[in-house]
Amino acid sequence: MPLFLRVAELIIAQTNKKAISVKDLRLNFSIQKTSSKTVNKCTLKVYNASPDTIKKMEIINNIVILKVGYEQDIGAVTLFTGTVCRSLTYVDGADTITEIDLRDSVIPLRDAKISVSYPPHYSALAVLKGVVSNFGLPVKMSLNVNDKQYISGFAYNGRARDAMDRVCDFLDLEWSAQDGELQIIRKGGVYAETAVVLSKDTGLIGYPRREAETMTEKSNAQTGIKYESNRVTHNSINVEDPTAKIKNRQTLDGAGYRVKSLLNPAIYPGAYVKLISNNIHGEFFRVEEAKYIGDTHGQEWNVEALLRYPKDGGQK
């Protein structure tokens, strides 16, 4: 795709009022997204907005959508959707800058509660559907999820996000909030069926940096990394102190790559990536985390992502 002539748009949603669109102003942003349950974050600076626009950006709990892209491609598409949690407006020289901190889906994740009881031999997918409905968020979910039954039934009273943890773990799934939607995929799997091709011709900057991370088997299992997974090695830790806190002395080393590319919203946690570079001839990966840095009037306009080999070859 032609990655030229960057564009950006800010949409500020208001309860029971028409949303407003902000274009042609200088926008500076830093975004951190992960495939875990950690809330995605964005720090956004808007330069020289009108007093009315500033007032709307400063309203806590308003929803803000940041869209970016390229004129010669498909234009601006959503990069981040979040709730205003903090705002600060100040003067710096000739500029009036409004800085806002956004959090993805923070209110439903914080406030959703659930009290349910299901009988024995009840479908776990049906339980999951019931839990999900409490968030009031759209859902995108992997295909071909194998259902299981709760032989003794299922009962829960408390935070909906904790119930999500229990049910998803039972079904070997992982979940996260991505741009105002609940993303539910197989542990270590991907959401998209079509891979994003990442090469020097499609925006890859420099060369991939190989990274290996050591974790206990228990920690890896929570993210779908197992010994039989691609590029995973098994090791034992020699701990002389028998009272050491590392109870599980077996570790797994998961290999992957850190890559930098021109800004591309299609590279997001759970996305499927085909990497082409020196000594990497079209191997497939899943995006574990991504950091986006951009300035519509500056030099920075890129994404740095951590790629790991997907479980089961990336089946959705």
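Answer yes or no as to whether LYS260 is among the charged types (D, E, K, R), modelled with pLDDT of 95 or more, under 22 Å from the mean Cα position of the chain (by Cα) and within 29 Å of ASN144 (Cα to Cα).
Here the answer is no, as LYS260 does not meet what is asked.
With the requirement that a residue be closer than 13 Å to SER36 by Cα and either among the polar types (S, T, N, Q) or not in a helix (DSSP H, G or I) (or both), what does the stretch 150-175 give you?
LEU173, GLU174, TRP175
Hey, ASP73 hits all of (1) without any contact (Cβ under 8 Å) to a residue 60 or more places away in the chain; (2) surrounded by 14 or more Cβ atoms within 10 Å (Cβ to Cβ); (3) over 22 Å from VAL106 (Cα atoms) but one; which does it fall short on?
Exception for ASP73: condition (1).
To keep it simple, each residue is scored yes or no on (1) at pLDDT 90 or above; (2) among the β-branched types (Val, Ile, Thr); (3) outside the structural domain of GLY75 (by TED's automatic domain parsing).
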{"site": "ARG231", "(1), (2), (3)": "no, no, yes"}
{"site": "HIS234", "(1), (2), (3)": "no, no, yes"}
{"site": "ILE246", "(1), (2), (3)": "no, yes, yes"}
{"site": "GLN250", "(1), (2), (3)": "no, no, yes"}
{"site": "TYR292", "(1), (2), (3)": "yes, no, yes"}
{"site": "HIS297", "(1), (2), (3)": "yes, no, yes"}
{"site": "VAL303", "(1), (2), (3)": "yes, yes, yes"}
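Which of the residues spanning the stretch 76-118 are of a type in the set (Gly, Ala, Ser) and either surrounded by fewer than 18 Cβ atoms within 10 Å (Cβ to Cβ) or free of Cβ contacts under 8 Å to residues at least 40 places away in the same chain (or both)?
SER87, GLY93, ALA94, SER115, SER117
For ASP179, indicate whether it is closer than 30 Å to ALA255 by Cα and free of Cβ contacts under 8 Å to residues at least 60 places away in the same chain.
No.
Could you look through the stretch 288-304, keep only residues that are under 21 Å from the mean Cα position of the chain (by Cα) and among the β-branched types (Val, Ile, Thr), and pick out the one that is surrounded by the most Cβ atoms within 10 Å (Cβ to Cβ)?
VAL303
Working only within the stretch 36-51, note down all residues that are at pLDDT 95 or above and of a type outside the set (A, V, I, L, M).
Passing the criteria: ASN40, LYS41, CYS42, THR43, LYS45, TYR47, ASN48, SER50, PRO51.
Considering every residue within the stretch 108-119, establish whether at least one is closer than 30 Å to ILE54 by Cα, modelled with pLDDT of 95 or more and in contact with a Ser or Thr (Cβ under 6 Å, 6 or more places away or on another chain).
Within the stretch 108-119 (the criterion being closer than 30 Å to ILE54 by Cα, modelled with pLDDT of 95 or more and in contact with a Ser or Thr (Cβ under 6 Å, 6 or more places away or on another chain)), the answer is no, since none of the residues qualifies.
The values are calculated or read from the model by the stated rules, or taken from the named source; none is laboratory data. Just so it is clear, the model here is predicted, and its values are computed rather than measured. Cβ atoms come from the backbone with ideal geometry, glycine included; neighbour counts cover every protein chain shown.
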